[in-house]
1. Identify all residues within segment 40-76 that are touching a strand residue (DSSP E or B) at 6+ places or on another chain (Cβ under 9 Å) and either of a type in the set (Asp, Glu) or open to solvent by less than 40 Å² (accessible area, probe 1.4 Å) (or both); write none if there are none.
2. Six or more apart or on different chains, Cβ under 6 Å: which pairs go from a residue in segment 56-67 that's under 11 Å from VAL18 (Cβ atoms) to one that's open to solvent by 60 Å² or more (accessible area, probe 1.4 Å)? Could you list them?
3. Among the residues of segment 1-20, which ones are part of a loop (DSSP other than H, G, I, E, B) and either basic (Lys, Arg) or modelled with pLDDT of 80 or more (or both)?
4. With the checklist (1) open to solvent by less than 80 Å² (accessible area, probe 1.4 Å); (2) at pLDDT 70 or above in hand, flag the one item GLU37 doesn't pass.
5. Answer yes or no: is there a residue in segment 57-74 that is modelled with pLDDT of 80 or more, assigned to a loop (DSSP other than H, G, I, E, B) and hydrophobic (A, V, I, L, M, F, W, C).
6. Filter segment 21-34 for residues that are surrounded by 11 or more Cβ atoms within 10 Å (Cβ to Cβ) and at pLDDT below 70; which is farthest from ARG63 (Cα to Cα)?
7. Here is a list of conditions, (1) of a type in the set (A, V, I, L, M); (2) closer than 19 Å to GLN78 by Cβ; (3) modelled with pLDDT of 90 or more; (4) in contact with a helix residue (DSSP H, G or I) (Cβ under 8 Å, 6 or more places away or on another chain), and ALA45 meets all of them except one; can you say which number that is?
Amino acid sequence: MAKKKDRAFFVCPRWNEVADAPWIGASGVAMPIRVNEKTLAAIKAGRPVARSTLRKALLAVCRASGAMFDVDAYIVDQRSAHPR
């Protein structure tokens, strides 16, 4: 099985739109997004990451905001179609 870095094909081109929205939790206090700093930097820069990592980051934004959105709609696969 390939290493995780070799399987990193997924990006979120709308991350800035999601992450820059004013996130107010249920208590009325802004909630921090609980994701590793290196992961956040990679996602913001548009570098590909593993699908599970990107999905976890988007779910963390959902939890922090209290907003409901389709996480999978924000994930884009960067692999080109290879015939097998």
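The values are calculated or read from the model by the stated rules, or taken from the named source; none is laboratory data. Fair warning: this is a prediction, and the values are worked out from it, not measured in the lab. FYI the Cβ positions are ideal-geometry reconstructions off the backbone, even for glycines, and counts take in every protein chain you see. Accessible surface areas use protein heavy atoms only, side chains included; no ligands, DNA or RNA. Shrake-Rupley method; radii C 1.70, N 1.55, O 1.52, S 1.80 Å.
1. ALA42, ILE43, VAL49, ALA50, THR53, LEU54, ALA57, ILE75
2. ALA60/ARG34; ALA64/MET31
3. The answer is LYS3, PHE9, CYS12, PRO13, ARG14.
4. (1)
5. For segment 57-74, residues modelled with pLDDT of 80 or more, assigned to a loop (DSSP other than H, G, I, E, B) and hydrophobic (A, V, I, L, M, F, W, C): present.
6. ALA21
7. Against the list (1) of a type in the set (A, V, I, L, M); (2) closer than 19 Å to GLN78 by Cβ; (3) modelled with pLDDT of 90 or more; (4) in contact with a helix residue (DSSP H, G or I) (Cβ under 8 Å, 6 or more places away or on another chain), ALA45 comes up short only on (4).
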